[in-house]
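Notes to accompany the following structure.
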Amino acid sequence: MQIKKHVLSSFKIKHNNRVYIVIDHTFNRDDFTFIVVTLCIGTQYIPIYFRCFEGVDDKELFAIKTIEQALETAASNFNDAEIIYFANKWFNDPNIINKITSMCKFYVFGA
């Protein structure tokens with residue numbers, strides 16, 4: 001948590017006041033899965049939120065509430081910036097898209 005605070009405290013928003021954020025699920029075989037939100041700075045990705053779940057089929061893992069919490073936590077770090085979210089096909093639920101469009105103007109989801 002201290003590294004996150006340090007990085008974000010010295011982070012200066014450039015490029016037309018835009019911040020690029022990726023949200024994704026990552027699986028480790030059948031052992032655990034985590035949801036991670038990363039800040040994109042050039043070709044580097046800095047984790048700013050993550051939550052780990054046991055196994056790969058935890059009902060909470062893909063719950064709207066879990067994903068909304070991740071998005072809100074990430075956005076709270078950049079109050080005055082225009083956020084652009086990137087995600088893969090796991091995030092195409094209409095409730096998630098409604099949440100994202102209420103928080104930002106732009107998002108890109110993979111097919």
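For the chain, the share of accessible area belonging to carbon and sulfur comes to 53 percent (1.4 Å probe, ligands and nucleic acids excluded). Accessible surface for Asp31 stands near 80 Å², nearest 10, in the context of the full protein assembly shown (1.4 Å probe).
Modelled label-to-label distance, Glu60 and Thr73, 7 Å Cα→beta-carbon offset: nm? Here the modelled spin labels are 1.1 nm apart. Please give every one of the aspartates and glutamates within straight-line cross-link reach of Lys12, meaning a C-alpha to C-alpha distance under 19 Å, and leave out same-chain neighbours fewer than 8 residues apart. Here the aspartates and glutamates satisfying the reach criterion relative to Lys12 are Asp80, Glu82. Taking 0.36 nm per residue of sequence separation and removing the Cα-Cα distance, the Asn98/Asn17 pair yields an extension gain of 26.9 nm. Calculated FRET efficiency, Thr26 to Asp80, Cβ-Cβ distance, R0 = 35 Å: about 0.75 to the nearest 0.05. A 1.4 Å probe, protein heavy atoms only, puts the accessible area of Thr101 near 70 Å².
The values are calculated or read from the model by the stated rules, or taken from the named source; none is laboratory data. As the structure is a prediction and not an experimental result, all values here were calculated from the model. Counting neighbours? That spans all protein chains shown, and the Cβs are built from the backbone with ideal geometry, glycine included. Just the protein is used for accessible areas: all its heavy atoms, side chains included, with ligands, DNA and RNA removed. Shrake-Rupley method; radii C 1.70, N 1.55, O 1.52, S 1.80 Å.
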